[in-house]
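Chemist: The structure's right below; bear with me while I get my questions together.
The values are calculated or read from the model by the stated rules, or taken from the named source; none is laboratory data. Nothing here was measured: the structure is a model prediction, and the numbers come from that model. Heads up, the Cβs are rebuilt from the backbone with ideal geometry, glycines too, and the neighbour counts pull from every protein chain shown. Only protein heavy atoms, including side chains, enter the accessible area calculation; ligands, DNA and RNA are left aside. Shrake-Rupley method; radii C 1.70, N 1.55, O 1.52, S 1.80 Å.
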Amino acid sequence: MSDPDRGPAQEPAEPEEGGAARLRTARPAGRRRLGAALAAIAVAVGGGIWALGPPGGGGPAAKHPAAGGPTAVEVSTGSCGRGWSGATAGPQVFALRNTSSTAAEVDLTDAATGAVYGEIEGLAPGTTRELRVVLGGGSYAFKCLPDDADAVTGPTVKVAGARTGGPAAVPVTQHDLIPVALAHQRWITAKTVELTDRTDELKHAVDSGDLDAARSAWLPAHLVYERMGAAYDAFGDADTAINGSGPAPADAASAQDFEGFHRVEYGLWHGESAASLRDHADRLDRAVHALRDSWPQERLDPAQLGLRAHEILEATAQSELTGRTEYGSGTSLATARANLDGTRELLTLLRPLLASRYPELPRLDTWLDRTGRTLDGFAADGKWTPLDRLGRQDRQRLNSDIGQTVELLAPVATICDARRTT
């Protein structure tokens, strides 16, 4: 997969054909901390490209360990950072040993800004783990955050040499994310009303026996829900009732507990009668109304917002672009476009936090724009090209665009992971 030229004003390079253009395997969803985010932010050092590897793992820094082996550093409330007195700019390896009686997190920070260069989580009492970083000239300090106790910052240590070092980011806190969550909560509230209206139209068409009208009403209703992807975790069981992925498409005919948008889709595009679809459309409509009515009492988890910004398109790559959620309408690419819209809506709210923390944000914007144009190219006069009718070149381009965008979204998930600082 080729990389675009840096900067938002330049068009990304065309993807290569063959293996280089294949979609990169998406990582399983889960909690990702700042160290993983930094691993994805490459920085030019001495004419090469360095990336901070995961704490305790391999990566470029592991191939160039600090001279003389790891520097032993103590982690405790009384002696945080003891053992490190100075260094020369470049790759560093620290052996962090927890000498206290409680588990702790430890961060290596810029002493002036608080930006984190690396971290170890869940360091148990009496254990040692390695942290590998690339540091430029400057002042640094270890911060120890023991469980159930206040943070302690160790002594400031000077590193001599050029200032260019590895990636770092100022931590995002729960307090930073609360306004984002509240704003997105209000946006979702408006979307639940729109979703209800659209689903009512779908139900009315099915009830009246007008299957052509039902097929026309199905996609607009479904796409409203797809754009709400950042809130799925808060929907709970309602998400399964409304938009559960269901069985594999080949097994849909015999599935017993298959409901929601995709069940109605299957019936509409596989010759089922309106009478046989009325119960399914009614259950879908009731589930949507219940979501609208219950939503004002729900609360988005601020800590999940950055993760969702990444997972929406990651799930698109795993589902819509593989045909896993295609039940006959041929609109997987329309769903992918709606998922992209949902991602951008959330990024708009997160942008004030990302602007000073994520140097690749302009490049991410470039790839989001490119992916939107690619997807829009598969729609004409309100009709979307079915996934299985894409030519090889179009499929490679789409996979390349989505894959690169997902990769650039991964640091958003980790940079916006709410962190403790005190």
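Chemist: Got a sec? Which residues in the range 101-126 would a label at residue 421 touch, if it sits 7 Å along Cα→Cβ and we count backbone N under 18 Å?
Modeler: Taking a point 7 Å out along Cα→Cβ of residue 421, the residues of the range 101-126 whose backbone N falls under 18 Å are 105-120.
Chemist: Taking the range 163-223, which trypsin sites (Lys or Arg not before Pro) meet the DSSP loop condition and have no more than 12 other C-beta atoms within 10 Å?
Modeler: On the way: sites: 163, 186, 191, 198, 203, 215; in loops: 163.
Loop-located and lightly packed - 163.
Chemist: Determine the shape class of the range 269-422: with a ≥ b ≥ c the square roots of the Cα gyration tensor eigenvalues, call it rounded for a/c under 1.5, and otherwise prolate if a/b is greater than b/c, oblate otherwise. Don't skip to the answer; put the middle values down first.
Modeler: Details: a/c = 2.72, a/b = 1.26, b/c = 2.17.
Cα axes put the range 269-422 in the oblate bin.
Chemist: Give the calculated FRET efficiency between residue 393 and residue 245 to the nearest 0.05, with a Förster radius of 35 Å applied to their Cβ-Cβ distance. Display every interim value, and only then the final one.
Modeler: Numbers: r = 29 Å, r/R0 = 0.82.
Calculated transfer efficiency: 0.75.
Chemist: If I take every Cα pair under 8 Å that is 6 or more residues apart in the range 131-227, average their sequence separation and divide by the length, what percent do I get for the relative contact order?
Modeler: Working: 79 pairs, mean separation 19.3, N = 97.
Rounded, it is 20 percent for the range 131-227.
Chemist: Here is a follow-up. Give me the one-decimal nm value for the distance between modelled label points at residue 148 and residue 237, 7 Å along each residue's Cα-to-Cβ direction.
Modeler: 3.5 nm
Chemist: With the full set of protein chains in place, find how many percent of the accessible area of the range 81-148 is carbon and sulfur; take the probe as 1.4 Å.
Modeler: Roughly 45 percent of what the probe reaches on the range 81-148 is carbon or sulfur.
Chemist: Can you tell me the accessible area per residue over the range 283-324, all protein chains present, probe 1.4 angstrom, in square angstrom? Spell out each step's value before the answer.
Modeler: Numbers: 1680 Å² over 42 residues.
Roughly 40 Å² per residue, with all protein chains present.
Chemist: Excluding residue 342 itself, calculate the net charge of residues whose Cβ lies under 14 Å from the Cβ of residue 342, where each Lys or Arg counts +1 and each Asp or Glu counts -1.
Modeler: Working: positive: 191, 227, 308, 337, 344; negative: 194, 226, 233, 239, 311, 314, 320, 341, 345.
That sum, taken over residues with Cβ under 14 Å, equals -4.
Chemist: Under the rule of at least 5 residues apart or a separate chain, name every residue whose amide H is placed under 5 Å from the amide H of residue 111.
Modeler: So residue 111 has HN proximity to 139, 140, 141.
Chemist: Continuing with the same structure: How much length, in nm to one decimal, is gained on full extension between residue 190 and residue 373, taken as 0.36 nm per residue of separation minus their Cα-Cα distance? Before the final figure, lay out the partial values.
Modeler: Numbers: separation 183, 0.36 × 183 = 65.88 nm, distance 2.66 nm.
Here the answer is 63.2 nm.
Chemist: Hey, what's the range 205-268 come to in accessible area per residue, 1.4 Å probe, Å²? Provide the component values of the computation, followed by the final result.
Modeler: Values: 2420 Å² over 64 residues.
For the range 205-268, the per-residue accessible area is 38 Å².
Chemist: Hey, what's the range 111-166 come to in accessible area per residue, 1.4 Å probe, Å²? Don't skip to the answer; put the middle values down first.
Modeler: On the way: 2400 Å² over 56 residues.
Each residue of the range 111-166 exposes 43 Å² on average to a 1.4 Å probe.
Chemist: Mean separation of Cα pairs under 8 Å and 6+ residues apart, divided by the residue count of the range 279-355: what relative contact order is that in percent? The partial results should precede the final answer.
Modeler: Numbers: 29 pairs, mean separation 21.6, N = 77.
Averaging sequence separation for qualifying contacts and normalising by length gives 28 percent for the range 279-355.
Chemist: Amide H to amide H, which residues 5 or more places from residue 165 or on other chains are under 5 Å from it, using H placed in the peptide plane?
Modeler: 136
Chemist: For the range 251-402, calculate the relative contact order in percent as a whole number, restricting contacts to Cα pairs under 8 Å that are 6 or more residues apart.
Modeler: 23 percent.
Chemist: Shape call for the range 206-278 from the C-alpha gyration tensor, a ≥ b ≥ c root eigenvalues: rounded (a/c under 1.5), prolate (a/b greater than b/c) or oblate? Walk me through the numbers on the way to the answer.
Modeler: Details: a/c = 2.21, a/b = 1.36, b/c = 1.63.
In terms of gyration-tensor shape, oblate.
Chemist: Taking a cut-off of 19 Å between Cα atoms, list the aspartates and glutamates near residue 191, but don't count ones fewer than 8 places away on the same chain.
Modeler: Excluding near neighbours in sequence, the set is 200, 201, 226, 233, 237, 239, 285, 293, 298, 301, 341, 345.
Chemist: What is the calculated FRET efficiency for residue 216 to residue 298, with r their C-beta to C-beta distance and R₀ = 30 Å, to the nearest 0.05?
Modeler: Working: r = 31 Å, r/R0 = 1.04.
Plugging the Cβ-Cβ distance into 1/(1 + (r/R0)^6) gives 0.45.
Chemist: Within the range 253-358, what whole-number % of the accessible surface is contributed by carbon and sulfur, with the 1.4 Å probe and all protein chains included in the calculation?
Modeler: Working: 1840 of 4030 Å².
Whole-percent figure for carbon plus sulfur exposure: 46.
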